[in-house]
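Below: one structure, written as structure tokens.
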Amino acid sequence: MTTFQHHKAYRRMYKENELTLGLHMPLENYQYATPTMEKQVELTQLAEQYGFTSLWFRDVLLQDPSFGDPATGQIYDMLIYLTYLASQTREIALSTSAIVLPLRHPLRVAKEMATIDQLFPERLIMGVSSGDRQADFRGLGIPHEERGKRFSEAFHYLEEALNKEFPSIESALGSIQGANVVPKPTKRIPTMITGYSQQNMEWFAQYGDGWMYYPRHPHFQAEAITQWRKLVDIYHPGVFKPFTQPMHLDLAEDPNEMPTPIRLGFRAGRNTLIELLSIYKEIGVNHLFFALFDSKRPVEEVIHELGEEVLPHFRAHL
């Protein structure tokens, strides 16, 4: 049983024992340089035409060379840029990877997400996290060591404010009595917990609509998925909650080149990539999105090859 079978983006992306594919923004092979953000509209439209089911956006404020990531997310503010690309596409899911709840007040998040959902119905997938970039925490004057507590407080506040009519909220983050967030989402927005978010597995098995974890070798990923799904079945018997993961990909020109590890992913030819994705599908990964940042080939060329040769094996669900 799934709670979101009537949510358009969720239904296209997630089905028990199946795998679909998405893309991580920006669509550019910048490696350790700063991305130019060129042709992003054209490339997202191309991805949608081929049938990729999602685009994933990062919540990053400051360029921090010590973090080892000059991208600063996708350069632009996550929710503003997500909304812009929503206006340039028709059905591809707009997914946050992930909203750093300790750095955003949950009442603001509720208003923003509900507004986007009203403007672009049933296209949001809301990944949330506790955050890991200390420069962003320092910039906002929020203690990094308190992020776990602030995450759980913000999560529960957000859930109440976003989904309940005239909720009664008393929180360290504020109170709502006799007032209401408007608009409300057209339908409940699926909320995915990213990483552990400074909680334990029991917590996000109980409260999240799904789990998103970092790329790992299939053996280790399988162990984590199995453990999590056992806990989900304790708290929500018979309910399907999807598992999502990113993967950095350097698609080789030789279609039969064997997979070799790169940072947070693999270099592989398309045929061996299909075999690798089939393994991830077998262990319970329901959605996987490619980060093409470390690609040696032009991203447009890679999207064409993935769309023509790989996506037909992992189609969007009707």
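Between the range 161-222 and the range 34-100, how many Å separate their Cα centres?
Value for the Cα centre distance between the two parts: 21 Å.
Whole number please: convex hull volume per residue, Cα atoms of the range 89-186, in Å³. List each step's numbers first, then the result.
Working: hull volume 9.5 nm³, N = 98.
It is 97 Å³ per residue.
How much length would be gained if the chain were fully extended between residue 200 and residue 283, taking 0.36 nm per residue of separation minus their Cα-Cα distance, in nm to one decimal?
Details: separation 83, 0.36 × 83 = 29.88 nm, distance 2.15 nm.
Extra length from residue 200 to residue 283 when fully extended: 27.7 nm.
Can you compute the FRET efficiency between residue 216 and residue 260 using 1/(1 + (r/R0)^6), with r the Cβ-Cβ distance and R0 = 22 Å? Round to the nearest 0.05.
Efficiency for this residue pair is about 0.90.
Defining a contact as two alpha carbons under 8 Å apart and six or more residues distant in sequence, what relative contact order in percent does the chain show?
24
Count charges around residue 282 for me, please; just the other residues with Cβ under 12 Å from its Cβ, Lys/Arg as +1, Asp/Glu as -1. Intermediate values should be presented prior to the final figure.
Working: positive: 281; negative: 18, 275.
My count for the surroundings of residue 282 gives -1.
Tell me the net charge near residue 188. Cut-off is 15 Å between Cβ atoms, residue 188 excluded, with +1 for each Lys or Arg and -1 for each Asp or Glu.
+1
Roughly how much of residue 229 is accessible, in Å² to the nearest 10, using a 1.4 Å probe?
Solvent-accessible area, nearest 10 Å²: 70 Å².
Strictly over 28 Å apart at the Cα level, which of 149/230; 15/149; 111/241; 39/184 would you flag in this model? Could you put the intermediate results ahead of the total?
Numbers: 149/230 25 Å; 15/149 32 Å; 111/241 25 Å; 39/184 33 Å.
Violating the 28 Å Cα-Cα cut-off are 15/149; 39/184.
Counting DSSP beta bridges in the chain, what percent are antiparallel, to the nearest 5?
15
Roughly how many debye, to the nearest 20, is the charge dipole of the range 51-128 about its Cα centre, given +1 on each Lys and Arg Cβ, -1 on each Asp and Glu Cβ, and no other charges?
Details: 6 positive and 8 negative charges, 28 e Å.
My answer is approximately 140 debye.
Using just the helices of the chain, give the 222 nm mean residue ellipticity in deg cm²/dmol: DSSP H runs with n ≥ 4 each add -39,500 (n - 2.57), and the total is spread over all residues, rounded to 500.
-10500 deg cm²/dmol
In the range 200-318, what percentage of the DSSP-assigned beta bridges are antiparallel, given to the nearest 5?
20
Once the other residues with Cβ under 12 Å from the Cβ of residue 32 are scored (Lys, Arg +1; Asp, Glu -1), what is the net sum?
-1
State the extension gain, in nm to one decimal, for the chain segment bounded by residue 207 and residue 224, taking 0.36 nm per residue of separation less the distance between their alpha-carbons.
Answer, rounded to one decimal: 4.4 nm.
Match the structure shown to one of the listed values [x] 18.9, 63; [y] 22.5, 75; [z] 28.6, 93 of Rg and Dmax of the Cα atoms in Å, computed from it, and give that label.
[x]
How do the peptides 8-15, 44-51 rank, highest first, by the average count of neighbouring beta carbon atoms within 10 Å per residue?
For the peptides 8-15, 44-51, the packing ranking is 8-15, 44-51.
Please state the shape class of the range 30-89: rounded when a/c is under 1.5, otherwise prolate if a/b exceeds b/c and oblate if not, all from the C-alpha gyration tensor.
Details: a/c = 2.42, a/b = 1.80, b/c = 1.35.
Prolate, since a/c reaches 1.5 and a/b exceeds b/c.
Grab the beta carbon distance between residue 304 and residue 165, set R0 = 51 Å, and tell me the FRET efficiency rounded to 0.05.
Working: r = 47 Å, r/R0 = 0.92.
Given R0 = 51 Å and the Cβ-Cβ separation, E is 0.60.
The values are calculated or read from the model by the stated rules, or taken from the named source; none is laboratory data. Model, not experiment: these values are computed from the prediction. FYI the Cβ positions are ideal-geometry reconstructions off the backbone, even for glycines, and counts take in every protein chain you see. With ligands, DNA and RNA removed, areas are computed over all heavy atoms of the protein, side chains included. Shrake-Rupley method; radii C 1.70, N 1.55, O 1.52, S 1.80 Å.
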